[in-house]
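Novice: My questions all concern the structure below.
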Amino acid sequence: MSPVEIDRTSQSRSVSRRLLDRALTVVARVALRAFLRRIEIDGRSNLPDDRPILIVANHFNGFLDPGVLIKVFGKLPRFLAKSTLWERPGVPLLCSAAGMIPIHRPEDGEGVDGNRDVFRSCHHVLAEGDTVGIFPEGFTHDLPALQHIHTGAARIALGAYAHGAPDLVVIPVGLMYEDKFATRSRALAQVGQPIDLGAELAELVPEGTEASAANRPAVDALTERIAAGLRTVSPGYESAHEARCLGRVGEIVARTDRRPGDTYVPLGEQERIARELARADGGDRERVLNALGRYQLDLDLLHMRDHLLVPGYRGIGLARRTVVSTLMIAILAVPALLGALWNLIPAAIVRWAGNRTRTPVRKGTVRLSVALAVFPITWLVVALLDSFAGFWSGLLVFLLAPVLGLLAVGLWEESVRVVRAWVGWFGIRARSGSVDEVLARRARLVAATEIGETGAHGQGGPPQQRKA
């Protein structure tokens, strides 16, 4: 083959790779819309333009973590993944299609010599100005705090800097999920301060030594710098129980000053308060948790909900929302019903597969993997059945099936929210004599969070992780 033919083949593969990346980015974003009700992104201003990026992130939720990072960066990075994934049925095809790079870990009983080629591949990608993603903890887990950071990310960064990526930045991203058990939940991605390798090299590399992956002191220094950046944006709780309880306190406190009817609390605001409380000393945290227990018990005994009690709904506001929701449902009922019918069977299969998985951290991976198989197959079957009316009709059905499925989910959730709001509103009116007492208990809980100079819900700086 002549050099010209080789160059044309290379360009053709490059174009094909870009088109596939864009298609997979769209697929990932649609899948996330199905599994996550909302993804909040804090720190967008820290995302650089037109520079090679090495993403480092905590790894709390399996395959959902790369999906959220795709949403954050708006494109498909080259993710590094443990090589043992390629041993599972069906997974190698998905990993190869996504351009993932297998990395060998000592704990898997494999030699790490092959990682030299892996790192060279990463250096090439970064030198081309593209993006690489790595989870430097080395495994996905259910622990509510960042685990030990391995040196792979630092070695990749230093190697890429030495091999043609002098403007490389390392971006720490902290990922957090409201409820890994729930099929529809929320996620928070916090983008930390970029680590500009060129600007910080003098502090990281000992004087008189070379900035390379072979420089162990430089690797260790950059690894600690990456770990510090990740600790700033990642959860850092002592236990899952503490994370749930302080998250609940954060939700209650953040809702305190909202307008009537504005019951939504951003996950980022809730989490900021929770992490500030996690930094408090044990006695302060214990007082907050005791106050939460008493308030939550009052709510449960009286069948009340905090989001209806404070800031609460006014009758006229709830009636207005009901009218708007009813009109929206009436207008969109037919296409939503079609979407529900087309997606009911694969949704049931995904739910069944998720329920069979007992480990929270694996639920997202199992659900997403099964969904990426059964949903497209179902849409294809429906489209083929409809194609008897014509090719374009079948194609239209295939394209509309995911859109109408998401529409059906959205209308169903809105209906449930309105019904629950009315039930709660009538319940609180029926127990109005007890509301003042419960509100007083709530006020004591909020007061208990006033810790330090500004309090947990003051306007302090970004939350830091408590040291173990």
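Novice: For the pair ARG244 and ALA202, what calculated FRET efficiency results from E = 1/(1 + (r/R0)^6), where r is the Cβ-Cβ distance and R0 = 45 Å, to the nearest 0.05?
Specialist: The calculated FRET efficiency here is 0.55.
Novice: Sticking with this one: Before anything else, pin down the relative contact order of the stretch 287-423: Cα pairs under 8 Å, at least 6 apart, normalised by residue count, whole percent.
Specialist: Working: 87 pairs, mean separation 39.8, N = 137.
Relative CO of the stretch 287-423 lands at 29 percent.
Novice: Zone of TYR264 (label point 7 Å along Cα→Cβ, backbone N under 13 Å): which residues in the stretch 390-420?
Specialist: Counting backbone N atoms under 13 Å from the label point, the list is 414.
Novice: Calculated from the structure, Kirkwood radius over Cα pairs in Å equals which of (1) 23.9; (2) 22.6; (3) 24.9?
Specialist: Checked against the structure: label (3).
Novice: I need to check one value: relative contact order of the chain, counting alpha carbon pairs closer than 8 Å and at least 6 residues apart, in percent.
Specialist: Here the relative contact order equals 17 percent.
Novice: Give me the extension gain from GLU87 to ASP167: residue separation times 0.36 nm, minus the current Cα-Cα distance, reported in nm with one decimal.
Specialist: 25.2 nm
Novice: Using amide H atoms built 1.01 Å from N in the peptide plane, name the residues 5+ places from PHE63, or on other chains, whose amide H lies under 5 Å from its own.
Specialist: For PHE63, whose amide H was placed from the backbone, the distant partners under 5 Å are THR365.
Novice: In addition: Put +1 on the Cβ of each Lys and Arg and -1 on the Cβ of each Asp and Glu in the chain; which of VAL288, THR263, ALA23 then has its Cα farthest toward the positive end of the dipole?
Specialist: Comparing the listed Cα positions along the dipole, THR263 ranks first.
Novice: To continue, here is another question. What relative contact order, as a whole-number percentage, does the stretch 250-353 give when Cα pairs under 8 Å and 6 or more residues apart are counted?
Specialist: For the stretch 250-353, the relative contact order is 34 percent.
Novice: With a 1.4 Å probe and all protein chains left in place, how much of the accessible area of the stretch 253-398 comes from carbon and sulfur atoms, in whole percent?
Specialist: Heavy-atom surface of the stretch 253-398 belonging to carbon and sulfur, 1.4 Å probe: 66 percent.
Novice: Within the stretch 169-201, name every residue whose backbone N is under 19 Å away from a label modeled 7 Å from Cα of LEU406 along the Cβ vector.
Specialist: Backbone N within reach: 183-189.
Novice: Another question, if that's okay. Rounded to the nearest 500, what is the chain's calculated 222 nm mean residue ellipticity when only DSSP H runs of at least 4 contribute -39500 (n - 2.57) each, over all residues?
Specialist: Calculated at 222 nm, the ellipticity per residue is -20000 deg cm²/dmol.
Novice: What helices in the chain pass both tests, a Cα length along the helix axis of 30 Å or more and a mean Kyte hydropathy of -1.0 or higher, using whole DSSP H runs?
Specialist: 3-35, 315-356, 360-386, 391-430
Novice: Moving on. Let me spell out the model: positive unit charges on the Cβ of Lys and Arg, negative unit charges on the Cβ of Asp and Glu, origin at the Cα centre of the stretch 325-463. What dipole size does that give, in debye rounded to 20?
Specialist: In total the dipole reaches around 540 debye.
Novice: May I ask which residue of PHE181, ALA211, GLY152 lies farthest towards the positive end of the charge dipole of the stretch 151-232, with charges of +1 (Lys, Arg) and -1 (Asp, Glu) on Cβ and the Cα centre as origin?
Specialist: Farthest towards the positive end: PHE181.
Novice: About the Cα centre of the chain, what is the dipole size in debye to 20, counting +1 per Lys and Arg Cβ and -1 per Asp and Glu Cβ, all else neutral?
Specialist: On the way: 56 positive and 49 negative charges, 384 e Å.
Charge dipole of the chain: 1840 debye, to the nearest 20.
Novice: Something else: Taking R0 as 30 Å, what FRET efficiency do you get between ARG22 and GLU210 from their Cβ-Cβ distance, rounded to the nearest 0.05?
Specialist: Details: r = 38 Å, r/R0 = 1.27.
That gives a FRET efficiency of 0.20.
Novice: Under the 0.36 nm per residue contour assumption, what length would be gained going from the current alpha-carbon distance of ALA440 and LEU332 to full extension? Don't jump to the answer; show the numbers that get you there.
Specialist: Working: separation 108, 0.36 × 108 = 38.88 nm, distance 4.32 nm.
Value of the extension gain: 34.6 nm.
Novice: Would you be so kind as to identify which of VAL397, PRO102, ILE329 lies farthest towards the positive end of the dipole of the chain, taking Lys and Arg as +1 and Asp and Glu as -1 on Cβ and the Cα centre as origin?
Specialist: The one lying farthest along the dipole's positive direction is ILE329.
The values are calculated or read from the model by the stated rules, or taken from the named source; none is laboratory data. Since the structure is predicted, the reported quantities are computational estimates derived from the model, not experimental observations. Every residue, glycine among them, receives a Cβ derived from its backbone with ideal geometry; neighbour counts consider all protein chains shown. Note: accessible area is taken over every heavy atom of the protein model, side chains too, but ligands, DNA and RNA are not part of it. Shrake-Rupley method; radii C 1.70, N 1.55, O 1.52, S 1.80 Å.
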